Amino acid sequence: MYFVPFHESFPKIAVVETRKISVINDSNLPKGNYYFVNAYCNDKTCDCRRVFIHVLDEGSSSDLTPMATISYGWEPIDFYRNWGTWLSKEMAEQMKGPILDAMQPQSRYANYFLELFISELERDQDFKERLERHYAYFKAKQK
């Protein structure tokens with residue numbers, strides 16, 4: 001199973017619906033523009049209802065290493081316990097997110113990007129719904 005960037009399957013939608021954050025005056029993050037690029041599981045049999053968010057620095061075109069990789073599962077914890085019966089309690093709790101993905105490299109700014117992501121989810125219901133809608137588009141295209 002791999003997580004594939006949404007823009008690879010839906011480039012026209014991604015151009016207008018990928019979240020971009022501009023950092024102008026923040027003592028915790030370098031000034032710049034950062035994209036929250038969503039990626040979804042390409043396993044046709046999987047219905048994990050999660051997204052990986054790769055935070056990419058617009059000014060770093062030569063280095064596409066994410067500044068942070070955030071895993072976000074939007075379903076209630078019971079969904080992940082039932083979906084992943086093989087998962088430990090701790091692993092199921094990590095499926096419900098957002099959380100920095102422990103299997104991905106993280107920059108020294110990763111925690112700050114996680115905080116930004118959480119604040120975006122809390123204040124912008126459309127953003128949350130967009131991630132879920134993109135998941136539905138991605139899964140429908142697989143069938």
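So that you can scan it fast, the table gives a plain yes or no per residue for (1) free of Cβ contacts under 8 Å to residues at least 24 places away in the same chain; (2) within 16 Å of Leu121 (Cβ to Cβ):
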residue	(1), (2)
Thr45	yes, no
Arg49	no, yes
Phe79	no, no
Glu93	yes, no
Gly97	no, yes
Exercise. If we only count helices (runs of 4 or more DSSP H) wholly inside the range 39-143, which ones have 1 or more residues that are under 19 Å from Ala14 (Cβ atoms) and modelled with pLDDT of 90 or more?
Worked result: 110-123, 125-142
For this session: Find all pairs meeting these conditions: Cβ atoms under 9 angstrom apart; at least six residues apart or on different chains; first residue within the range 1-20 and without any contact (Cβ under 8 Å) to a residue 60 or more places away in the chain; second residue open to solvent by 40 Å² or more (accessible area, probe 1.4 Å) and of a type in the set (Phe, Trp, Tyr).
Result: Thr18/Tyr35; Lys20/Tyr35
For this session: Return the only residue of Lys20, Lys44 being basic (Lys, Arg) and closer than 20 Å to Lys139 by Cβ.
Result: Lys44
For this session: Please work out which residue is surrounded by the most Cβ atoms within 10 Å (Cβ to Cβ), limiting yourself to the range 111-126 and to residues that are among the hydrophobic types (A, V, I, L, M, F, W, C) and out of contact with any strand residue (DSSP E or B) (no Cβ under 7 Å at 6 or more places or on another chain).
Result: Leu121
Exercise. Going by the conditions given, is Lys12 in a loop (DSSP other than H, G, I, E, B), of a type in the set (Lys, Arg) and surrounded by fewer than 11 Cβ atoms within 10 Å (Cβ to Cβ)?
Worked result: no
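Listed here are the residues, each with its yes/no results for (1) open to solvent by less than 80 Å² (accessible area, probe 1.4 Å); (2) under 15 Å from Ile21 (Cβ atoms); (3) touching a residue at least 24 places away in the same chain (Cβ under 8 Å); (4) within 15 Å of the chain's Cα centre (by Cα).
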{"site": "Ala102", "(1), (2), (3), (4)": "no, no, no, yes"}
{"site": "Tyr109", "(1), (2), (3), (4)": "yes, yes, yes, no"}
{"site": "Lys128", "(1), (2), (3), (4)": "yes, no, yes, yes"}
{"site": "His134", "(1), (2), (3), (4)": "yes, no, yes, yes"}
For this session: State yes or no: is Arg19 in contact with a Phe, Trp or Tyr (Cβ under 6 Å, 6 or more places away or on another chain), surrounded by 13 or more Cβ atoms within 10 Å (Cβ to Cβ) and of a type in the set (D, E, K, R)?
Result: yes
For this session: Taking Pro30 as the residue in question, decide whether it is under 15 Å from the mean Cα position of the chain (by Cα), of a type outside the set (S, T, N, Q) and in a loop (DSSP other than H, G, I, E, B).
Result: no
Seminar exercise, completed: Met95: passes all of (1) crowded, with 19+ Cβ neighbours inside 10 Å; (2) under 27 Å from Val16 (Cβ atoms) but (2)
Seminar exercise, completed: Conditions (1) within 22 Å of His134 (Cβ to Cβ); (2) open to solvent by 50 Å² or more (accessible area, probe 1.4 Å); (3) in contact with a strand residue (DSSP E or B) (Cβ under 9 Å, 6 or more places away or on another chain) -> Lys31 fails only (1)
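The values are calculated or read from the model by the stated rules, or taken from the named source; none is laboratory data. Everything numeric in this text was worked out from a predicted model, so none of it was measured. Quick reminder, even Gly has a Cβ in these numbers, built from the backbone with ideal geometry, and neighbours come from all protein chains shown. Note: areas computed on protein heavy atoms with side chains; ligands, DNA, RNA excluded. Shrake-Rupley method; radii C 1.70, N 1.55, O 1.52, S 1.80 Å.
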